[in-house]
Structures are given as structure tokens and as C-alpha cells.
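These notes are about the structure you will find just below.
The values are calculated or read from the model by the stated rules, or taken from the named source; none is laboratory data. On a predicted model such as this, the values are computed, not experimentally measured, just so you know. Methodologically, a virtual Cβ is constructed for each residue, glycine included, from the backbone with ideal geometry; neighbour enumeration extends over all protein chains shown. Calculation scope for accessible area: heavy atoms of the full protein, side chains included, ligands and nucleic acids excluded. Shrake-Rupley method; radii C 1.70, N 1.55, O 1.52, S 1.80 Å.
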Amino acid sequence: MEKVAIINELYFKQEKTLSEIAQSINTSISYISKVLRNNEKYKVEKERRKQENLQQRRKKQKTIIYANRKNKTDIEYTNMKKEHEQASKELSKHSILGKDTLRKWCSSAYNYNEKKKRYEFDTSTLLKPADFPMHIGI
């Protein structure tokens with residue numbers, strides 16, 4: 001078979017790309033493109049492949065967008081659930097607590113100070129109730 005027939009066979013029947021054809025018959029992509037442009041079916045086939053690739057790209061994009069949306073929702077829900085559990089722990093205790101127990105129940109309110117080796121109430125983001133200690137030593 002001559003090169004033109006081989007190129008037409010690979011492109012139209014086996015649906016190979018120009019670069020794949022160029023590698024298999026050891027010629028340049030521009031030569032293959034030149035040969036294919038002489039075929040009247042080339043424009044129709046090229047347009048069909050373009051539309052097919054566009055549809056595949058859109059499907060992939062949709063899948064990625066939905067997956068990201070689902071992951072974001074799951075992470076937000078998990079974080080909200082943890083915060084809710086922490087708040088319910090902090091608010092559900094009615095009896096008097098020791099300082100250490102209070103710190104454990106209200107772990108989001110106390111931050112550890114390395115220099116002073118104690119837990120201190122976080123007044124920058126929270127309002128301290130009157131019955132909470134300002135700091136708890138270890």
C-alpha cells in the first residue's frame with residue numbers, strides 16, 4: 001500500500017490521531033495533515049471528532065465539579081457536627097466542675113500558654129462567664 005492509502009486507513013477506519021499516525025509510519029504531522037486535507041471526508045471527520053472531544057470534556061468537567069461540591073459539603077457538615085458536639089458537651093453540664101474538668105469540657109475556650117505552663121481563657125474571641133477561672137494551672 002502507498003503512504004496515502006495507509007494514512008487514510010489509519011485516520012478514517014482505525015481513528016488514530018495525526019501524531020499516532022506520524023509515529024507509526026515515520027513521517028511528519030504536517031505531511032499527514034496535507035494528505036488528509038485532500039480527502040473530501042476529512043472536514044466531516046475532523047468536525048465529528050471535535051464534537052466528540054467537546055462532549056467528553058464537558059462530562060469530565062461535570063464529574064469534577066460535582067465531586068468537589070460533594071467533598072466540600074461533606075467537610076463542612078463534618079466540621080459543623082464536631083462543633084455542635086463540642087458545644088453540647090460544654091452546655092450540658094449542670095453540676096459544679098473542678099478546674100481541670102471544666103478545662104476539658106470547655107476545651108475550645110482555653111489555650112495552653114507554654115511560657116507560664118498553664119491554660120488561659122481565650123478572651124480575644126469569647127466573653128468569659130463570671131464563674132469561669134481566667135487561667136488553670138497544671
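Numbers for the structure displayed
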{"read-out": "For region 103-119, Karplus couplings with θ = phi - 60° (6.51, -1.76, 1.60), whole Hz, Gly/Pro x", "value": "4, 5, 5, 10, 4, 6, 8, 10, 10, 7, 9, 4, 4, 8, 6, 7, 9"}
{"read-out": "Efficiency of FRET between I64 and L91 - r from beta-carbon atoms, R0 41 angstrom, step 0.05", "value": "0.50"}
{"read-out": "Approximate spin-label separation T17-W105, in nm, with each point projected 7 Å along Cα-to-Cβ", "value": "6.5 nm"}
{"read-out": "Dipole magnitude of region 46-138, debye to nearest 20 (Cβ charges: Lys/Arg +1, Asp/Glu -1, about Cα centre)", "value": "1080 debye"}
{"read-out": "Largest-first principal axis extents of the Cα set of the chain (Å)", "value": "94, 31, 22"}
{"read-out": "Cβ-Cβ FRET estimate between A130 and M80, R0 fixed at 30 Å, reported to 0.05", "value": "0.55"}
{"read-out": "Peptides ranked, highest mean first, by Cβ atoms within 10 Å: ranges 61-74, 104-117", "value": "104-117, 61-74"}
{"read-out": "Solvent accessible area, Å² - F12, 1.4 Å probe, full protein context", "value": "40 Å²"}
{"read-out": "Accessible surface of the chain, 1.4 Å probe, proportion on carbon and sulfur as whole %", "value": "53 percent"}
{"read-out": "Unit charges at the beta carbon, dipole of the chain: most positive-side option, S124, N113, S92", "value": "S124"}
